[in-house]
Amino acid sequence: MTQVNFENQTVRVNNIYCIGRNYVDHIAELQNETPTEPVVFMKPNNSILNNGASIKLPAYSQSVHYECELVLLIGKDCDGLNGDDISGIIAGYGIGLDLTARDIQSRLKEKGLPWTKAKGFRGAACLSGFIAADKLTQPQDCVFTFQINGEIRQRGQTSMMIYPIAAILRELAESYGLKQGDVVFTGTPSGVGELHTGDRLALDLAGLVQAEFVVAY
């Protein structure tokens with residue numbers, strides 16, 4: 001199993017869940033329909049790329065897009081929530097990039113086929129280390145940013161989520177069953193765009209968590 005860093009320890013990852021279309025401005029920029037329930041898809045564990053690594057764009061795509069997101073690390077098994085009580089379920093918070101081969105995704109969507117090739121290539125789940133959940137005191141009202149070559153491309157405010165963290169966890173717990181070691185990407189705001197070779201990427205979550213990546217030549 002692929003591993004992530006959590007408070008200077010190594011943690012094995014179980015499943016990688018991703019939430020699509022969770023910010024109104026991102027839905028508008030891609031001209032998608034607003035979902036009536038959380039849009040859930042998954043990435044294989046082999047897609048994880050940890051902080052400091054080089055991103056190798058897949059040869060089969062000519063348009064790989066970045067999507068910066070708040071990411072959750074699940075700390076205990078859960079098959080359902082009691083109201084909106086998420087205490088103890090989240091072990092840690094991090095920041096990550098959900099990379100998408102947009103040209104491949106568009107082609108697959110037109111044919112009604114799954115998105116795995118567009119979302120699950122090696123390095124498609126770029127992740128920072130994770131901090132303990134109690135260190136991010138307002139996870140549902142915090143800011144995260146993404147820069148390319150020193151220029152801010154995305155600025156997210158978690159209070160703008162269509163489906164907040166508790167709703168995301170409820171859907172995952174009830175439909176699939178959350179397990180310790182699961183990683184959850186919570187959706188991206190507007191500002192997505194293409195990556196290019198040589199790009200230097202910088203991610204920040206509320207000034208508490210940072211990550212850097214470079215796109216390989």
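Read-outs throughout are calculated quantities, based only on the coordinates presented, and are distinct from any laboratory measurement. Only a predicted model underlies this, so the values are computations on that prediction, with no experimental measurement involved. All Cβ positions, glycine included, derive from the backbone under ideal geometry; neighbour counts span all protein chains shown.
Results, tabulated for the structure shown:
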item: Positive dipole terminus of the chain, leading residue within C126, G198, Y66 (C-beta point charges); result: G198
item: Under 13 Å, Cβ to Cβ, from A59 - net charge with Lys/Arg +1 and Asp/Glu -1; result: +2
item: When each of K56/K109; K43/K135; K119/K179; K76/K109; K56/K76 is checked by Cα-Cα distance, pairs over 30 Å; result: K76/K109; K56/K76
item: In the stretch 33-79, the GluC sites (Glu not before Pro) that fall in loop regions by DSSP, at most 15 other Cβ within 10 Å; result: E33
item: The chain, helix-only ellipticity at 222 nm - DSSP H runs n ≥ 4, -39,500 (n - 2.57), divided by all residues, nearest 500; result: -4000 deg cm²/dmol
item: FRET efficiency estimate (nearest 0.05) - Cβ-Cβ, A166 to N46, R0 41 angstrom; result: 0.85
item: Interchain or long-range residues, amide H under 5 Å from I90's placed H; result: G75
item: Rounded FRET efficiency, nearest 0.05, which uses the C-beta distance separating Q210 from S54 and R0 of 25 Å; result: 0.90
item: Amide H contacts of N14 (H built 1.01 Å from N, under 5 Å, at least 5 apart or other chain); result: D182, V183
item: The chain - charge dipole about Cα centre, Lys and Arg +1 at Cβ, Asp and Glu -1, debye rounded to 20; result: 760
item: Coil-residue chymotrypsin sites (Phe, Trp or Tyr not before Pro) of the stretch 8-77, DSSP, other Cβ within 10 Å capped at 15; result: Y60
item: Cα centre as origin, Lys/Arg/Asp/Glu Cβ charges: the stretch 103-163 dipole, Debye; result: 360
item: Charge sum, other residues only, whose C-beta stays under 11 Å from V13's C-beta, Lys/Arg counted +1 and Asp/Glu -1; result: +2
item: Per-residue ³J(HN,Hα) for the stretch 178-191, Karplus 6.51 cos²θ - 1.76 cosθ + 1.60, θ = phi - 60°, Hz, x for Gly and Pro; result: 7, 10, 3, x, 5, 10, 10, 7, 9, x, 10, x, 6, x
item: Local electrostatic count, K109, Cβ distance below 13 Å [Lys/Arg +1, Asp/Glu -1]; result: +3
item: Table column - 3J(HN,Hα) (Hz), the stretch 136-142, Karplus curve with 6.51, -1.76, 1.60, x for Gly and Pro; result: 9, 6, 10, x, 8, 8, 9
item: Amide H partners (placed H, <5 Å) of V192, local residues excluded; result: none
item: Label corresponding to Rg and Dmax of the Cα atoms in Å when calculated from the structure given, among (1) 18.3, 59; (2) 15.9, 49; (3) 17.3, 58; result: (2)
